[in-house]
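Accompanying notes for the structure given below.
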Amino acid sequence: MDINRTNMQALFTGYNMIFRDAFATLVKDQTFMRFTQEVNASTAQIDMPLLEQLSGMREWIDGRQIKNLRSDKLSIRARNFEDTVGVKREDVEDDQYGLYNSLFANMAANAANLGPDLANALLGDPSKAKWLDGADFFATGTTRKYGKNAIVNKGTAELSYESFNETYATMRAYKGHAGDLLHVKPTLLLHGPALRVEAADLIKSPIRVVPIKNDGNVAAAVTLPNPNANLVDTLEMDGINGRDWYLVDASKPFKPLILFMRKRPDRLVRIDREEDGEVFMNRQFTYGTYGRAEIALAMPHLIYWNKVA
């Protein structure tokens with residue numbers, strides 16, 4: 001192929017079509033949005049005001065109790081992300097440019113997965129995440145309180161019938177600043193690939209097998225109905241490490257995670273003129289994507305993390 005503007009425009013049009021078609025197909029699979037709230041803005045940083053009181057309606061006896069927005073705000077600043085493909089000039093001249101088609105499809109996959117990748121990275125290692133009160137987002141004991149009520153959202157228990165029920169009960173009992181129930185009701189069990197079988201047995205099976213012990217030894221077993229069958233949905237996340245697991249209430253207007261998508265990486269840009277420095281100096285046409293985004297943990301009472309050693 002001769003290197004001229006007409007041919008280079010046609011080449012870009014072909015690569016761009018591959019990118020856009022692949023992106024449109026892959027971006028539809030965004031299961032992480034079941035527990036993530038996306039926020040868009042035209043600024044480099046967003047400051048999310050959070051409700052100081054999250055309780056329900058109360059009997060109106062005296063004056064109204066106004067649910068003010070806190071002066072404290074959750075600040076999220078977008079980070080920059082890029083992905084780049086270089087196409088050798090001689091490959092274009094020798095009509096070998098089709099060899100790069102799969103690279104542009106892969107670039108589209110990377111762009112479409114920016115949000116899920118951020119969610120996986122955060123859930124894989126949330127140990128350093130802080131909240132508005134300056135404490136670790138996932139807290140044990142009485143580190144965090146809503147008013148006088150402790151919000152414990154971190155444990156170390158292996159996923160089991162007993163630990164699931166205990167975590168579920170803990171979240172159901174959360175109270176807000178006014179002392180009223182927050183009506184937290186978990187809807188999702190998040191886990192990594194290592195817990196796929198255990199999670200399915202715990203949540204999807206209509207029965208459970210209970211061992212009967214005799215003098216400390218298992219003598220027999222009985223089959224009982226499983227009260228947790230389909231109580232929540234299960235969702236496998238690649239980034240969750242080992243046997244860690246999360247219980248999440250994704251039913252509320254607020255979600256436990258917030259995704260700030262400042263600029264979606266859905267556009268292919270190019271450096272492909274002969275007078276461009278990269279082409280002139282290195283005999284390479286360059287194509288790339290660019291995005292700006294960040295993800296953060298939002299509401300401690302909506303997500304519970306069991307970090308299993």
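The values are calculated or read from the model by the stated rules, or taken from the named source; none is laboratory data. These figures come from a predicted structure and were not determined experimentally. All Cβ positions, even for glycine, are placed from backbone atoms using ideal geometry, and neighbour counts span all protein chains on display. Accessible surface areas use protein heavy atoms only, side chains included; no ligands, DNA or RNA. Shrake-Rupley method; radii C 1.70, N 1.55, O 1.52, S 1.80 Å.
A few remarks follow.
- Adding -39500 (n - 2.57) for every DSSP H run of four residues or longer, then dividing by how many residues the chain holds, sets the calculated 222 nm ellipticity at -7500 deg cm²/dmol.
- The residue among V197, L74, A108 whose Cα reaches farthest toward the positive pole of the charge dipole of the chain, with charges on the beta-carbon of Lys, Arg, Asp and Glu, is L74.
- Residues whose amide H falls under 5 Å from that of W131, counting only those 5 or more places apart or on a different chain, are F137, with hydrogens built in the peptide plane.
- Rounded percent of accessible protein surface that carbon and sulfur make up, the chain, 1.4 Å probe: 50 percent
- Selection of GluC sites (Glu not before Pro), region 243-309, meeting DSSP coil and at most 14 other Cβ within 10 Å: E274, E275
- Across every pair of non-identical alpha carbons in region 78-183, the mean reciprocal distance, once inverted, gives a Kirkwood radius of 18.5 Å.
- When D180, D117, D2 are compared by accessible area of protein heavy atoms, the largest-first order is D2, D117, D180, using a 1.4 Å probe.
- Computed log10 I(q)/I(0) for the chain at 0.08, 0.13, 0.14 Å⁻¹: -0.52, -0.98, -1.07, from the Debye equation with unit scatterers placed on every C-alpha and solvent omitted.
- For the residues H191, H183, a 1.4 Å probe over the protein chains yields an accessible-area ranking, largest first, of H183, H191.
- Annotation: amide H of T234 within the under-5 Å range of L189, sequence separation 5 or more or interchain, hydrogens built in the peptide plane.
- Solvent-accessible surface of the chain, averaged per residue with a 1.4 angstrom probe and all protein chains in place: 53 square angstrom.
- Solvent accessible area, Å² - M17, 1.4 Å probe, full protein context: 110 Å²
- Cα-Cα over 29 Å, subset of K145/K204; K175/K263; K255/K307; K154/K204; K28/K175; K128/K252: K145/K204; K175/K263; K28/K175
- DSSP H segments from the chain that extend 20 Å or more along their own axis, Cα-based, with Kyte-Doolittle mean of -1.0 or above: 5-26
- Length-normalised contact order for region 161-267 - Cα pairs under 8 Å, 6+ apart - percent: 31 percent
- Tail beyond 20 Å, pair distance distribution of region 171-252 (Cα, percent): 52 percent
- Sequence-separation-based contact order of the chain, relative, with Cα cut under 8 Å and 6+ spacing, percent: 26 percent
- Ordering S163, S75 by accessible surface, largest first, gives S75, S163; the 1.4 Å probe counts only protein heavy atoms, with every chain in place.
- The loop-placed trypsin sites (Lys or Arg not before Pro) in region 84-147, going by DSSP, that have at most 15 neighbouring Cβ atoms within 10 Å of their Cβ come out as K128.
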